[in-house]
1. Report, in deg cm²/dmol and to the nearest 500, the calculated mean residue ellipticity at 222 nm for the chain, where each DSSP H run with n ≥ 4 adds -39500 (n - 2.57) and the sum is divided by the residue count.
2. Taking neighbour counts of Cβ atoms within 10 Å as a proxy for exposure, in what order, fewest first, do TYR102, TYR53, TYR66 appear?
3. Between beta-carbons, use under 13 Å as the cut-off and find the net charge around CYS42, counting Lys and Arg +1, Asp and Glu -1.
4. Around LYS7, under 13 Å between beta carbons, what's the net of Lys plus Arg minus Asp minus Glu among the other residues?
5. Once Rh for the chain is found with the Kirkwood sum over Cα pairs, what is the Stokes-Einstein diffusion coefficient at 37 °C and 0.692 mPa s, in µm²/s?
6. How many Lys pairs in the chain lie less than 30 angstrom apart by Cα atoms, where the lysines are 8 or more positions apart or on different chains?
7. Using mean Cβ contacts within 10 Å as the protection proxy, how do 68-74, 26-32 order, highest first?
Amino acid sequence: MSCDSAKRSAALNNDELLSIQVELDSMKALNPTSMRVASQDCFNLLGLVPKRYSPPNLYPAATDGYWVMLKPLAKGAHILKFNAMYNREKGAYSKMAQDIEYKIFVK
């Protein structure tokens with residue numbers, strides 16, 4: 001696989017996003033579509049794993065997705081929710097829907 005091919009694969013559904021919502025503790029993020037970031041260069045997916053573990057070389061890898069940076073959270077429990085729907089015409093994951101919820105505990 002070439003680097004360009006890895007980048008295209010990473011972007012497949014994001015080019016056909018129908019909707020996206022991000023919510024932290026019932027507070028919705030404004031305009032989460034502006035949070036899309038793609039890697040400019042390809043990388044070895046396991047490149048940071050210490051060599052003593054003999055990780056395989058998984059180059060080329062690329063990323064293209066919606067990223068959220070959180071400010072430091074107050075101590076206690078928090079709920080981070082993410083849902084998205086895609087409308088790519090055909091292929092694997094073409095009409096994918098994601099509904100993900102993380103329970104975060106800050107000590």
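1. Helices in the chain give a 222 nm mean residue ellipticity of -2500 deg cm²/dmol.
2. Working: TYR102 10, TYR53 7, TYR66 18.
Going from least to most buried by this count: TYR53, TYR102, TYR66.
3. In short, -1.
4. -3
5. Translational D for this selection: 204 µm²/s.
6. So the count of such lysine pairs works out to 22.
7. Order by mean packing, descending: 26-32, 68-74.
Every number here is computed from the coordinates shown, using simple stated rules; none is lab data. All figures in this text were calculated on a predicted structure; none of them were measured in a lab. Because the Cβ atoms are built from the backbone with ideal geometry, glycine has one as well, and the counts that use them run over all protein chains shown.
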